[in-house]
1. Mind checking which residues of segment 73-87 are out of contact with any strand residue (DSSP E or B) (no Cβ under 9 Å at 6 or more places or on another chain) and either on the phi > 0 side of the Ramachandran plot or surrounded by 13 or more Cβ atoms within 10 Å (Cβ to Cβ) (or both)?
2. As an exercise: evaluate His86 against (1) within 26 Å of Leu38 (Cα to Cα); (2) outside any helix (DSSP H, G or I) and give the number of the one condition it does not meet.
3. Show the residue pairs meeting these rules: Cβ distance below 6 Å; 6+ apart or different chains; first residue within segment 104-129 and under 14 Å from Leu66 (Cα atoms) and in a loop (DSSP other than H, G, I, E, B); second residue open to solvent by 50 Å² or more (accessible area, probe 1.4 Å) and of a type in the set (A, V, I, L, M, F, W, C).
4. Identify the residue in segment 158-193 that is part of a loop (DSSP other than H, G, I, E, B) and of a type in the set (Lys, Arg) and, among all such residues, is surrounded by the most Cβ atoms within 10 Å (Cβ to Cβ).
5. Considering only segment 109-137, state which residues are open to solvent by 50 Å² or more (accessible area, probe 1.4 Å) and either aromatic (Phe, Trp, Tyr) or under 16 Å from the mean Cα position of the chain (by Cα) (or both).
6. So, Ile36, is that one out of contact with any Cys (no Cβ under 9 Å at 6 or more places or on another chain), part of a helix (DSSP H, G or I), open to solvent by less than 30 Å² (accessible area, probe 1.4 Å) and of a type in the set (Val, Ile, Thr) or not?
Amino acid sequence: MNSHPQTPKTSVPWNKGRLVGQKAPLKLKEIWAIRIRLQLAGMARDLALFNLAIDSKLRGCDLVSLRVLDVAQGNAVLPRAMVMQHKTHRPVQFEITEQTRQSVAAWIDKAHLASSQYLFPSRVAKSPHLSTRQYARIVVRWVESICLDASAYGTRTMRRTKATLIYRRTRNLRAVQLLLGHTKLESTVRYLGIEVDDALEIAEQTEV
């Protein structure tokens, strides 16, 4: 019989070495840096995906499952669209700006997509459209291309980016709530982390 006391096993926290919490939104100069790189590289699909992710503010699962008919009629990409959210089963509307319409139209034309097809088909045979995991890997490539730390960014970065810019310019929480498709204003407050941002901004403006 072994009389030596057993050394208790120490469990390693799942988040050790990881940056947890809200993913950072992109700044305006970072949006343009990524956009220009995609344009120069001729990456039509990624450019359309990037622009539409910024404009739509959709969750990853809703973005990757868009069909051509959700955003276009015939050869024309719509200035506004509406989709049913997978998480809340509630509709949400979003704007599609001119440059996004151009990039989406160019992608549809290049990929020869029919209106009933998924806008971002998967290159993996088993999946009919881009998976959220594939989308997450693409986002990592985007942020790394402009030398950002990928651990601080993710698919939620794309959802938060324009919403954060809109809030900072307008301070209109209700508008941002509608654009994000949140049912409660408190969810929007937590999602944007605006209480902390606003508190820091007030502190920075207060000299003692």
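The values are calculated or read from the model by the stated rules, or taken from the named source; none is laboratory data. Just so you know, these numbers come straight off a predicted model, no measurement behind them. Glycine also receives a Cβ, built like all others from the backbone with ideal geometry; neighbour counts cover every protein chain displayed. These area figures cover heavy atoms from the full protein model, side chains too; ligands, DNA and RNA do not enter into them. Shrake-Rupley method; radii C 1.70, N 1.55, O 1.52, S 1.80 Å.
1. Residues of segment 73-87 that are out of contact with any strand residue (DSSP E or B) (no Cβ under 9 Å at 6 or more places or on another chain), as a first pass: 73-77, 86-87.
The answer is Gly74, Val77.
2. Only one criterion is unmet by His86, namely (1).
3. These pairs meet every condition: Ser115/Leu69.
4. Applying the first criterion (part of a loop (DSSP other than H, G, I, E, B)) to segment 158-193 yields 171-172, 181-184, 193.
Narrowing the set further to residues that are of a type in the set (Lys, Arg) leaves 171, 184.
Working: Arg171: 11, Lys184: 9.
This residue is Arg171.
5. Tyr118, Thr132, Arg133, Arg137
6. Working: out of contact with any Cys (no Cβ under 9 Å at 6 or more places or on another chain): yes; part of a helix (DSSP H, G or I): yes; open to solvent by less than 30 Å² (accessible area, probe 1.4 Å): no; of a type in the set (Val, Ile, Thr): yes.
In short, no.
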